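Scroll down for the structure; my scribbles are underneath it.
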Amino acid sequence: MKQSKSNLQFPKHFLWGAATAAHQVEGNTHNQWTVWELEHTKSLATQASYQYGDLENWNDIKQQAKDPHNYVSASAVDHYTMHEQDFDLLKKMHMNAFRFSIEWSRVEPKEGVWDAKEIEYYKRYIEKLKRRNIEPVVTLFHFTLPVWFAELGGFERRQNVRYFTRFAEKIIRELGVNVRYIVTLNEPEVYVAASYLAGHWPPNKTSKWLTWRVTNNLAYAHNQAAKKIHAINRRYKVSIAKNTSYIYAGDDAWLSRLTANVLQYLRDDYFLRKVIKQCDWLGVNYYFSDRVYGYRVHNPDKKVSDLGWDMSPENLQFALERLHEKYDLPIIITENGLADGQDAERQWWITQTLLAMHKAVQNGVKLEGYLHWSLLDNFEWDKGFWPQFGLVSVDRKTQQRTLRPSALWFGKIIKHLREQ
Ligand code: BGC
């Protein structure tokens with residue numbers, strides 16, 4: 001990185017930052033996930049060796065993975081009360097952007113009942129970011145739903161979408177001019193696949209019909225929310241955070257190429273085509289690539305993260321170029337990172353990512369920002385706390401934060417890139 005970093009060029013006013021989501025960091029939330037966790041802690045802990053026993057680092061994680069407490073978000077990393085400290089950590093890394101989500105269940109704990117104190121909390125939260133010259137990137141749905149909304153059938157029912165758009169409109173009116181970048185939905189297909197196809201997330205349904213239905217209702221929810229937000233003010237920049245992987249054929253066989261194209265279409269374009277007209281920019285979450293042989297994904301297992309995910313940060317370039325060619329919108333990377341408890345690969349990962357972004361920019365991609373997942377170690381959904389994605393490690397007994405070596409290094413790189 002040393003010789004090449006001075007050659008790296010990114011557009012002026014580039015957003016350099018990190019990302020989080022309310023339920024994963026705030027602590028003491030009450031939503032459909034909180035309820036689900038409490039019902040599933042024991043079974044998740046019992047299944048841990050079956051689920052993760054093959055991972056290379058199983059010995060390091062097994063104690064935590066077999067502990068039922070691991071699967072309860074509880075006080076998480078207490079970001080709700082410690083957010084100012086966390087904003088200072090962003091500053092330490094010379095960052096100028098932060099992505100987070102507004103917890104709908106705090107703002108509207110009962111149908112139609114707004115909690116003024118919680119709304120005020122988020123207003124102050126954003127003011128504190130602005131005071132530090134950090135651009136907020138606000139997510140409205142990051143996998144959690146108020147219990148009342150889930151009980152009404154959540155996004156399974158088209159008529160429920162109006163509750164989400166009402167929340168979107170209300171909160172954006174309240175937050176006013178202090179926000180500009182809005183993500184309506186985080187990774188809609190990941191949510192649908194885990195909750196309605198594979199069924200390992202709440203509400204644990206396995207139905208192709210619901211998979212299709214919820215996908216379409218989420219697209220509708222984005223479009224409706226975006227229209228309402230734009231009607232408040234056209235200056236708001238609205239998008240979704242689109243999970244993408246770079247899918248490529250591992251050989252020259254026509255079947256491999258066909259499968260790669262079909263998979264890419266189903267995973268990316270099916271949804272994007274429905275919402276793209278109501279997007280001012282495109283949020284991209286990139287974690288891994290998928291190599292296809294014949295009709296199956298078979299990734300090289302040369303380098304994997306703590307979660308066993310293929311690590312090909314360099315392929316971000318091709319993922320970005322593809323989305324640029326197809327949709328021609330400004331892009332912000334809204335998530336990118338790896339589970340790496342030892343911090344052994346993070347610096348390498350970020351280096352490769354910066355090179356990939358730089359090449360994509362040179363090839364015409366209108367890249368406007370990079371938000372690393374995640375600022376803090378946090379609650380990784382059904383896996384609990386053992387996967388560590390944070391630039392900052394957190395000791396959950398004391399809630400003490402420590403910048404990892406890779407974060408200190410990344411901070412210096414950001415400073416250099418911003419001074420250019
Ligand atoms: C989600 C995050 C999650 C991350 C790592 C993304 O799918 O948006 O909430 O923590 O991936 O698994």
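Just a few scattered comments:
- Of the set (1) touching a helix residue (DSSP H, G or I) at 6+ places or on another chain (Cβ under 6 Å); (2) under 17 Å from Val190 (Cα atoms), all apply to Leu272 but (1).
- Selection count where residues are touching a helix residue (DSSP H, G or I) at 6+ places or on another chain (Cβ under 7 Å) and within 18 Å of Ala193 (Cβ to Cβ), scope the range 250-268: 1
- Every test in (1) within 30 Å of Tyr71 (Cβ to Cβ); (2) open to solvent by 20 Å² or more (accessible area, probe 1.4 Å); (3) more than 15 Å from the ligand (Cβ to nearest atom) is passed by Gly308 save one, and that test is (3).
- Counting the residues of the range 364-398 that are charged (D, E, K, R), more than 21 Å from Trp348 (Cα to Cα) and within 15 Å of the ligand (Cβ to nearest atom) gives 3.
- Scanning the range 163-191 for residues that are out of contact with any Phe, Trp or Tyr (no Cβ under 7 Å at 6 or more places or on another chain) and over 22 Å from Tyr122 (Cβ atoms) yields a single hit, Val190.
- Condition met for Lys128 (touching a Phe, Trp or Tyr at 6+ places or on another chain (Cβ under 7 Å), open to solvent by 10 Å² or more (accessible area, probe 1.4 Å) and either part of a helix (DSSP H, G or I) or within 16 Å of the ligand (Cβ to nearest atom) (or both)): yes
- Scope the range 263-299; condition over 30 Å from Leu354 (Cβ atoms) and more than 24 Å from the chain's Cα centre (by Cα); matching residues: Tyr293, Gly294, Tyr295, Arg296
- Answer residue from the range 200-229, given it is buried (at least 20 other Cβ atoms within 10 Å of the Cβ) and assigned to a loop (DSSP other than H, G, I, E, B) and is nearest to the ligand (Cβ to nearest atom) among those: Trp201
- Matching residues in the range 189-199 - criterion: being within 12 Å of the ligand (Cβ to nearest atom) and open to solvent by 20 Å² or more (accessible area, probe 1.4 Å): Glu189, Val190, Ala193
- Top-ranked residue in the range 142-188 [being assigned to a helix (DSSP H, G or I) and on the phi > 0 side of the Ramachandran plot; ranked as most open to solvent (accessible area, probe 1.4 Å)]: Gly176
- Test: residue in the range 272-284 that is in a strand (DSSP E or B) and open to solvent by 10 Å² or more (accessible area, probe 1.4 Å): no
- Hey, Ser239 touching a Ser or Thr at 6+ places or on another chain (Cβ under 7 Å) and among the polar types (S, T, N, Q) or not: no
- Residue match in the range 332-343 (condition: touching a residue at least 40 places away in the same chain (Cβ under 8 Å), among the hydrophobic types (A, V, I, L, M, F, W, C) and in a helix (DSSP H, G or I)): no
- Pairs, first small (Gly, Ala, Ser) in the range 181-210, second open to solvent by less than 20 Å² (accessible area, probe 1.4 Å) and assigned to a helix (DSSP H, G or I), C-beta under 7 Å, six or more apart: Ser207/Tyr196
- Within the range 399-413, residues that are open to solvent by 30 Å² or more (accessible area, probe 1.4 Å) have Cβ atoms under 6 Å from residues that are in a helix (DSSP H, G or I) and modelled with pLDDT of 95 or more in these pairs: Trp409/Gln347, counting only partners at least 6 apart in sequence or on another chain.
The values are calculated or read from the model by the stated rules, or taken from the named source; none is laboratory data. Model, not experiment: these values are computed from the prediction. So basically every Cβ, Gly included, is an ideal-geometry build from the backbone, and we count neighbours across all protein chains shown. Side chains are part of the model used for accessible areas, which takes the heavy atoms of the whole protein and leaves out ligands, DNA and RNA. Shrake-Rupley method; radii C 1.70, N 1.55, O 1.52, S 1.80 Å.
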